[in-house]
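Here, each number is a calculation from the coordinates, and none is a lab measurement. If you're wondering where the values come from, they're calculated on a predicted model, not measured in any experiment. Cβ atoms come from the backbone with ideal geometry, glycine included; neighbour counts cover every protein chain shown.
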Amino acid sequence: MIAEAIKEIRQRIDNAMVRSGRVDKVMLLAVTKNHPVEAIEEAARAGITNVGENRVQEVKRKAAEYNGEPIDWHLIGHLQTNKVRQAVPLVEMIHSVDSERVIREIDRVARNREKVQRILLQVNVAREESKSGLEVEELPEMIELAKTLPNVRVEGLMCMAPYEENPEVVRPIFRVAACLFEDMKRHFEPGQIKYLSMGMSHDFEVAIEEGANIVRVGTSIFGQRDYSRN
Ligand SMILES: *Cc1c(COP(=O)(O)O)cnc(C)c1O
């Protein structure tokens with residue numbers, strides 16, 4: 001049951017917070033890609049207020065069908081420049097900004113809509129070939145560019161760790177991301193850089209211990225994704 005699973009995840013989040021002596025808050029972002037709208041409605045009844053999707057088309061379809069408690073949609077999958085126009089009106093936050101072209105396009109589209117789009121910069125800390133995200137070396141340049149774009153508000157970093165049987169193995173990756181996050185703060189107004197989005201079903205506890213304050217959890221809430229449905 002979704003409500004039960006959410007309760008259990010929240011308990012595990014709380015335990016990880018206590019273990020690390022943290023008294024701030026963690027956002028549980030429920031990742032609903034490949035799950036039906038009814039599952040989102042059920043999660044929202046169980047108190048979920050932030051939902052993550054990977055594809056713009058899927059957000060668009062689901063946001064139109066959704067009929068439940070108020071929720072904010074987050075885009076966490078790779079975003080192509082030609083999808084920005086559709087994404088901006090729909091989403092509260094884009095976690096996966098990883099190129100100059102995309103950030104400029106977000107700014108342009110947001111300006112036309114008189115919106116300031118909240119974003120995170122995705123960093124490929126693990127340097128995985130297969131993953132999107134900025135290289136660590138590209139981060140300073142993106143930060144400087146972001147500061148010049150009035151309709152984009154950078155609020156932090158997003159990072160993905162490779163899948164490892166033992167999540168302890170990826171702890172150093174989360175630790176590097178947390179350092180980059182801390183360092184980023186001094187480039188912006190005090191208080192602007194506040195979100196470190198890292199940790200998924202199998203590694204969110206380690207991520208929290210290393211400072212994550214948004215965890216993106218799908219499988220542990222909704223079960224395995226059924227890709228045959230799409
Ligand atoms: C699918 C996905 C998640 C959730 O993964 P689970 O292992 O199902 O919890 C988190 N972040 C991103 C970017 C994803 O694509």
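With the condition kept exactly as written, say whether any residue in the stretch 174-194 is among the small types (G, A, S), out of contact with any Leu (no Cβ under 9 Å at 6 or more places or on another chain) and under 22 Å from L75 (Cβ atoms). If you could, list the steps in order and put the result at the bottom.
Step one: of the stretch 174-194, the residues among the small types (G, A, S) are 177-178, 191.
Now drop any that are not out of contact with any Leu (no Cβ under 9 Å at 6 or more places or on another chain), which leaves 191.
From what's left, under 22 Å from L75 (Cβ atoms): none.
Checked against the condition, which is being among the small types (G, A, S), out of contact with any Leu (no Cβ under 9 Å at 6 or more places or on another chain) and under 22 Å from L75 (Cβ atoms), the stretch 174-194 yields no hits at all.
When I71, I76, I48 are checked against the criterion of being away from the ligand (no atom under 15 Å from the Cβ), within 22 Å of V215 (Cα to Cα) and surrounded by 19 or more Cβ atoms within 10 Å (Cβ to Cβ), a single residue qualifies: I71.
Of note, V31 does not satisfy the criterion of being more than 22 Å from V116 (Cα to Cα), free of Cβ contacts under 8 Å to residues at least 12 places away in the same chain and β-branched (V, I, T). Scanning the stretch 147-179 for residues that are more than 15 Å from the chain's Cα centre (by Cα) and surrounded by 20 or more Cβ atoms within 10 Å (Cβ to Cβ) returns V152, V170, I173. Exactly one residue out of I214, I143 is out of contact with any Cys (no Cβ under 7 Å at 6 or more places or on another chain), touching a residue at least 24 places away in the same chain (Cβ under 8 Å) and within 16 Å of the ligand (Cβ to nearest atom): that is I214. Residues in the stretch 79-101: is at least one within 18 Å of P150 (Cα to Cα), of a type in the set (S, T, N, Q) and surrounded by 15 or more Cβ atoms within 10 Å (Cβ to Cβ)? The answer is yes; a qualifying residue exists.
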